[in-house]
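The values are calculated or read from the model by the stated rules, or taken from the named source; none is laboratory data. All values derive from a computational prediction rather than experimental measurement. Cβ sites come from the backbone with ideal geometry, for glycine too, and all protein chains shown count toward neighbours. These accessible areas exclude ligands, DNA and RNA; they are computed on the full protein's heavy atoms, side chains included. Shrake-Rupley method; radii C 1.70, N 1.55, O 1.52, S 1.80 Å.
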Amino acid sequence: MSLSRRHFLLAGPLLPALRGAAPAGLRESEPVPEPHFPSRLYQFVWRNWELANTDRMAEVAGATPRQILDLGESMGLPAKPSLSEDQLRRIYITVIRQNWHLLPEPQIIKLLGWSDERFRFTLKEDDFLDIKLGLNKPRCPELRYDPPSEADQHAAARIRETLRAVFGDSLRAPGQRSFQFVEELSDLRFVPMRDPSARPAPTEIDLTSGWSIAEPEGDVLASAARRLREFLRDAMGVSTATGGKHIVLEVRPPGNGPGSFDIAVSEAAVRITGDSDSGALQGVYWLMDQMEEREAPFLRPGVTSRKAVWNPRFLYSHFALYGDPLMEPEADPFPDAYLEKLARRGINGVWMQAVLNNLAPSKQFPEFGEGSETRLRNLDALVRRAARFGISIYLYLNEPRAMPPEFFRAHPETRGSSFLGTNAMCTSVPAVREWIADALTHVVRHAPGIGGFFSITMSENHTNCFSHGGAWGKAAPNAGDCPRCAQRKSWDVIAELITTFRDGVRRGGSSAHVIAWDWGWGDDLTANLIPLLPKDVRFQSISEWDQPVNRGGVPMRVGEYSISVVGPGPRATRNWERARKSGVTAMAKTQFNNTWEISAAPWIPAVHLIARHCENLTKAGIAGIMASWTCGGYPSPNLSAAKAFYFEPRESTPAVLRSVAARRYGRAAAGEAVEAWRRFSEAFEEYPYGVAVYIIPTQHGPANLLRLEPTGHAPGMILFPHDDYKAWCGKYPPEVVQRQFGKMAALWNEGLTAFRDALAKVSPRKKANASADLAVAETCYHHFRSTANQVEFYILRDRLRSVSDAERAQITARMRAIVEDEIDLARRQYWVARANSAIAYEASNHYYYRPLDLVEKVLNCRDILARLK
């Protein structure tokens, strides 16, 4: 099985170091040296050039702003960018990562402009950031500015010459600002796309003149009518101010279910009828899709009916801040334009984290609820705004959160099982369940339009008393040292908790979905728990989990989160059948955009694999999907392809793919684009699933630095691959991993050739789409090839320890060739990343690298080449 997220976090030797001091005997680590810089001061300036403003950098280093700028200019760095408050708000994880091996914590805190309290909270609560950083803080002396020595100045001049030789003037091209993609996804304007040469076919209805849009009743339909009017005006160049023929939006009594719609197109009228507001909206988006594909305001006459068969269909924002988003409305995770882009791709829900003890006051626990009025006010506003786009808000429940010892001094009767210095609030205690139900009742009464809640009851967080009770095998979990729950069955306690969630929501008069996710449930627990679920609770399982796969001759089973291995697997199939027999509706957890296989690209253009997965889910009879974890919220062609499976009837899969490609690139390029997607899909099926995806450098690609001497640092989850290649490979032999990534990269390159062939045929109005998608495909290729290079480099580095002089010369020559290739990959990826701000970004990790990190890789490789001589 692959190294899953939970296995990584909680495996044996890591356990004692979680959330606290290092165990006895574990020495404080030394930072990784970077000999390609003249000094730590130059390293500090380089690493923060794109991450912090000059005055703050100067304050941290005890320098003047001019001195900081002089150091950067002496190395040949491009013009220093000035970061806005919004950029600084969104990039803090990258700042922490880049300085973790460089600055002591007080100087990192000063660089961020934070309090110590906020820094500690972020390390603990922001998706296990302290674990990702490697479980210990390297010992870094305080950094202070000293005038550079003559030797330092000469070294800086050599860096400047290297940059000029490798990058030329392109290093000074401005490219895109960090987070410019947020602005683009927040832009409500329609791009002009009408083909001026297009003429309607004899049977087509021409909307060019004589049409008007009737004003519908209700805010949602009025908003939809306005957007359709703007689409016709701005994208199609059509005025709908007056005319005797009408486009009508209306809602009928529910029939086929929420999101279903009919469209009747004739010479006299276009009538869009939905079973709900969201159905009418989907009808509007269907019309837009038809005209976008045709690049003209022409429609085929007749009646189109679509029944929505998957509800809900929700995912995470591509750029939401994970920590406490309802207290930071200025960093809006769901701008109107982004919601509309998701809705046009069939998504009807978005999710965000919630913590009940700060979301509602409590009569049982008066210390809870600080700031809840503000959070609920912001939540209700968000719920109402999202509804205008047919999108509902879902909250993630990971409850009840474990509490520190001081909490139980006031409430000793609620103390449950212990874990790493905290204790569960025992849900066998009635007062705890009453608080949970009361809190949810309070939430739905103050945000009555909320779409639903989903729960994980056995996550990395300690929650109920069984949440860390060894459930990852066949056996059911135990309750540890809780005296009450130790007398009960795990399935009874967890079913009681889920029922409490449900009862609290229903008591508030809400029909919101309550979804129980089986993440972390062992088979015995699942078999006994599902029959105990209330019939109006939905059951969700990761589709591809436990699917067998054999790559490179190594048999594995999917642990979680895969696109390269298409589901559903036997675990989900088995659990869905159990749910159906118990009268419980079954849902699938999927990743339709990207996964931790590679999350540095906002989507993986293996569109055929997404379509095949959707076909399989249709046959499995699931009734809804959660389409992403924190990675995977980009409004991509993958989501457009999946949308076709949300409704019945649908076209054949080849027709679906061609239609998506035509809307994205134009009809002339659609065939070649679909062929490129097919090749990317075949290439991605060579991914050696079972490698340690949380630590192998596939997220960082050519930005991950090479090390001629072992660093001695274990990889940190996601953020620090370092050089422990054997850990990267999991149960695979490293040679197999190297071959598989090399094979995948070679096949992927064939897809790139096909996609570049399509570029010549792309509609002029859709060149921007093709350019952005080429950057995504090139990023995947560069990362796959670089991962193969890095594994081989370290295999060879180990062999150097015990070989003859003749063998040493051969090995060294091959290592030099790898290093030269890494320079080329870093240079090519620099141009990709500089021109495309969405590259190398993921919502819960922020930027894996900025463009200058790729330039640093060139310096790093040049230094290694010199030492390999």
By my count, strands (runs of 3 or more DSSP E) wholly in the stretch 450-561 with at least 1 residues that are in contact (Cβ under 8 Å) with a residue 40 or more places away in the chain and among the basic types (Lys, Arg) are 538-542, 548-551, 554-557
Return the pairs, sorted by first residue and then second, in which the second residue is charged (D, E, K, R) and assigned to a loop (DSSP other than H, G, I, E, B), the first residue lies in the stretch 732-744 and is touching a residue at least 24 places away in the same chain (Cβ under 8 Å) and open to solvent by less than 20 Å² (accessible area, probe 1.4 Å), the beta carbons are less than 9 Å apart, and the residues are 6+ apart or on different chains. GLN740/GLU686; PHE741/GLU686; MET744/GLU685; MET744/GLU686
Residue check, TRP286 against (1) open to solvent by 10 Å² or more (accessible area, probe 1.4 Å); (2) in a loop (DSSP other than H, G, I, E, B); (3) closer than 29 Å to GLN591 by Cβ, all met but one. Which one? (2)
Please determine whether any residue of the stretch 178-194 is more than 30 Å from ARG294 (Cα to Cα), in a loop (DSSP other than H, G, I, E, B) and either open to solvent by 20 Å² or more (accessible area, probe 1.4 Å) or in contact with a Cys (Cβ under 7 Å, 6 or more places away or on another chain) (or both). no
Sole exception among (1) within 17 Å of ARG189 (Cα to Cα); (2) open to solvent by less than 10 Å² (accessible area, probe 1.4 Å); (3) assigned to a loop (DSSP other than H, G, I, E, B) for GLY259, by number: (1)
So how many residues does the stretch 195-211 have that are in contact with a strand residue (DSSP E or B) (Cβ under 8 Å, 6 or more places away or on another chain) and open to solvent by 50 Å² or more (accessible area, probe 1.4 Å)? 2
Just checking, does the stretch 706-714 include any residue being closer than 30 Å to VAL674 by Cβ and either touching a residue at least 12 places away in the same chain (Cβ under 8 Å) or aliphatic (A, V, I, L, M) (or both)? no
With the condition kept exactly as written, say whether any residue in the stretch 254-273 is within 30 Å of ARG377 (Cβ to Cβ) and not charged (D, E, K, R). yes
Among residues of the stretch 621-643, those that are assigned to a helix (DSSP H, G or I), open to solvent by less than 10 Å² (accessible area, probe 1.4 Å) and in contact (Cβ under 8 Å) with a residue 40 or more places away in the chain, counted: 4
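If I ask for residues that are in a loop (DSSP other than H, G, I, E, B), of a type in the set (Val, Ile, Thr) and within 12 Å of ALA627 (Cβ to Cβ), which ones from the stretch 581-597 would you list?
THR590
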Find the residue count for the stretch 799-841, including only residues that are modelled with pLDDT under 95 and closer than 15 Å to THR779 by Cβ. 0
Please specify each residue of the stretch 747-777 satisfying the condition of being within 26 Å of the chain's Cα centre (by Cα), surrounded by fewer than 23 Cβ atoms within 10 Å (Cβ to Cβ) and more than 30 Å from ARG294 (Cβ to Cβ). LEU747, ASN749
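Please specify each residue of the stretch 61-93 satisfying the condition of being without any contact (Cβ under 8 Å) to a residue 12 or more places away in the chain and either in contact with a Lys or Arg (Cβ under 7 Å, 6 or more places away or on another chain) or part of a loop (DSSP other than H, G, I, E, B) (or both).
Matches in the stretch 61-93: THR64, SER84.
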Collect the residues in the stretch 644-668 that are open to solvent by 40 Å² or more (accessible area, probe 1.4 Å) and assigned to a loop (DSSP other than H, G, I, E, B), keeping them in residue-number order. PRO649, ARG650, GLU651, SER652
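Can you tell me which residue among VAL674, VAL693 is under 23 Å from the mean Cα position of the chain (by Cα) and of a type in the set (Val, Ile, Thr)?
Details: VAL674 fails: under 23 Å from the mean Cα position of the chain (by Cα).
Criteria check complete, one pass: VAL693.
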Please tell me if GLU709 is in a loop (DSSP other than H, G, I, E, B) and either open to solvent by 10 Å² or more (accessible area, probe 1.4 Å) or in contact with a strand residue (DSSP E or B) (Cβ under 8 Å, 6 or more places away or on another chain) (or both). yes
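When the stretch 113-129 is examined, which residues are found to be hydrophobic (A, V, I, L, M, F, W, C), under 24 Å from the mean Cα position of the chain (by Cα) and open to solvent by 20 Å² or more (accessible area, probe 1.4 Å)?
Correct list: PHE121, PHE128.
If the requirement is being at pLDDT 95 or above and among the charged types (D, E, K, R), which of these qualifies: ARG66, ARG89?
Exactly one of ARG66, ARG89 is at pLDDT 95 or above and among the charged types (D, E, K, R), namely ARG66.
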Of the residues in the stretch 669-703, those that are open to solvent by 10 Å² or more (accessible area, probe 1.4 Å) and either over 20 Å from VAL549 (Cβ atoms) or assigned to a helix (DSSP H, G or I) (or both) number 8
Among the numbered criteria (1) closer than 22 Å to CYS614 by Cβ; (2) small (Gly, Ala, Ser); (3) open to solvent by less than 10 Å² (accessible area, probe 1.4 Å), which single criterion is violated by SER305? (3)
Reported set for the stretch 350-379 where residues are farther than 30 Å from PRO412 by Cα, surrounded by 19 or more Cβ atoms within 10 Å (Cβ to Cβ) and either modelled with pLDDT of 95 or more or small (Gly, Ala, Ser) (or both) is VAL350, TRP351, LEU379
Test each condition in (1) out of contact with any Cys (no Cβ under 8 Å at 6 or more places or on another chain); (2) outside any helix (DSSP H, G or I) for ARG377 and report the one that comes out false. (2)
Determine whether the stretch 303-313 contains at least one residue that is assigned to a loop (DSSP other than H, G, I, E, B), free of Cβ contacts under 8 Å to residues at least 12 places away in the same chain and either aromatic (Phe, Trp, Tyr) or on the phi < 0 side of the Ramachandran plot (or both). no
Could you say whether any residue in the stretch 854-869 is open to solvent by less than 30 Å² (accessible area, probe 1.4 Å), out of contact with any helix residue (DSSP H, G or I) (no Cβ under 8 Å at 6 or more places or on another chain) and closer than 30 Å to GLN353 by Cβ? no
Condition set in contact with a strand residue (DSSP E or B) (Cβ under 6 Å, 6 or more places away or on another chain) and assigned to a helix (DSSP H, G or I), scope the stretch 414-445, selection nearest to GLU496 (Cα to Cα): answer is VAL432
Subset of the stretch 418-444 [at pLDDT 95 or above, open to solvent by 40 Å² or more (accessible area, probe 1.4 Å) and in contact with a helix residue (DSSP H, G or I) (Cβ under 9 Å, 6 or more places away or on another chain)]: ARG433, GLU434, ASP438, HIS442
Of the residues that sit in the stretch 130-171 and are small (Gly, Ala, Ser) and touching a Phe, Trp or Tyr at 6+ places or on another chain (Cβ under 7 Å), which one is least open to solvent (accessible area, probe 1.4 Å)? ALA156
